[in-house]
Amino acid sequence: MIVDFHTHIFSPTIQEKHDAFLQQDTCFRLLYGHQNAKLATATDIIASMDEHHIDVSVILNLGWTSHELCVMTNDYILESIAHYPNRLIGFCAIQPIAGDNALQEIERCAASGARGIGEIRPDIQGFTLSDATIMRPVAQMLIKRNMMLLTHASEPVGHHYDGKGSITPDTIYPFIVDFPELRIICAHWGGGLPFYALMPEVSAALKNVYFDTAATPFLYKPAIFKHVADIIGSDHILFGSDYPLMPPKRVLDQLTASGLNQEARDKICGENAQRLLSL
Ligand SMILES: [Zn+2]
């Protein structure tokens, strides 16, 4: 089974009124404001999954800065997972600064079958993961509802790119340590956090943490698959593409070229996700 753990879809309304939403939201503008920005709907992703032999995709929302836009866009995620219950898994958006409204939104999404929250963007949404006043109630609610949290992450070094942001390993790590029971997925290899798992205490802290491979061809050589698997184990790596930013095939080709054995590749491609999502 192949599970793409990192994709983004938007409703036809957002596709049609792309410019109006760019005006309304900083996060959307930063990520989808450039000329070649691609937006896909549920219908588009199902067609792409059929073409690339992807069995299941996790459809993520993003870090909308207003609570109202989180709710509006979550409706489409929830509608899509209801429409394709065997193909799509939903992760919804919250604006943690919205306090009780954000907590109620987690409950609403959980009740409609969402499995997590993400892809959050603390750097754009205006909070830090280490702010316990904001994040403790959120983390506690996610644990209570058996939901995961997927955060964007990026490298503190290297080239700049649109949407890179500043959610670097040093800002994610204290949050991970504070909430050991919360299952956390760090996108884009956690901005390099797995490399610090050569430190024994970091390795112990990452027990409930997973790293997705979204957009790897833009960031790393294929060898990253093998190196990170050597450090944290292939059990903690989740194949994700960042569709429609790139077709899933590009990341899967890197995985094939990585030198990892079939057993490890099967885990990364789907078995880990199957276990995590109880598919
Ligand atoms: Zn991201």
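Here are a few things to note about the model shown:
- Classified by the C-alpha gyration tensor, the chain has a rounded form. Its axis ratio a/c, with a ≥ b ≥ c, is below 1.5.
- Residue-wise HN-Hα couplings along the range 256-264, as the Karplus relation 6.51 cos²θ - 1.76 cosθ + 1.60 with θ = phi - 60° gives them from phi, are 4, 7, 7, x, 6, 6, 4, 4, 5 Hz; Gly and Pro carry x.
- Positive end of the dipole of the chain (Cβ unit charges, origin at the Cα centre): among Gly190, His67, Tyr161, the Cα lying farthest that way belongs to Gly190.
- Phi to ³J(HN,Hα) by Karplus 6.51 cos²θ - 1.76 cosθ + 1.60 over the range 71-79, Hz, x for Gly, Pro: 4, 4, 6, 4, 3, 6, 4, 5, 4
- The stretch between Asp178 and Tyr161 holds 3.1 nm of extra length on full extension. This uses 0.36 nm per residue minus the Cα-Cα distance.
- Sequence-separation-based contact order of the chain, relative, with Cα cut under 8 Å and 6+ spacing, percent: 18
- Residue-count net charge about Gln262 - beta-carbon cut-off 14 Å; Lys, Arg +1, Asp, Glu -1: 0
- Residue among Ala114, Ala197, Ala215 with the largest mean-square fluctuation in a Gaussian network model of the chain, springs linking Cα atoms under 10 Å: Ala197
- Distance between modelled label sites at Asp266 and Thr133, nm, 7 Å Cα→Cβ extension: 5.1
- For the chain, calculated [θ]222 nm from helices alone, where every DSSP H run of n ≥ 4 adds -39500 (n - 2.57): -12500 deg cm²/dmol
Bear in mind these aren't lab numbers, they're just calculated from the coordinates by the rules spelled out. Only a predicted model underlies this, so the values are computations on that prediction, with no experimental measurement involved. Neighbour counts run over all protein chains shown; Cβ positions are idealised from the backbone, glycine included.
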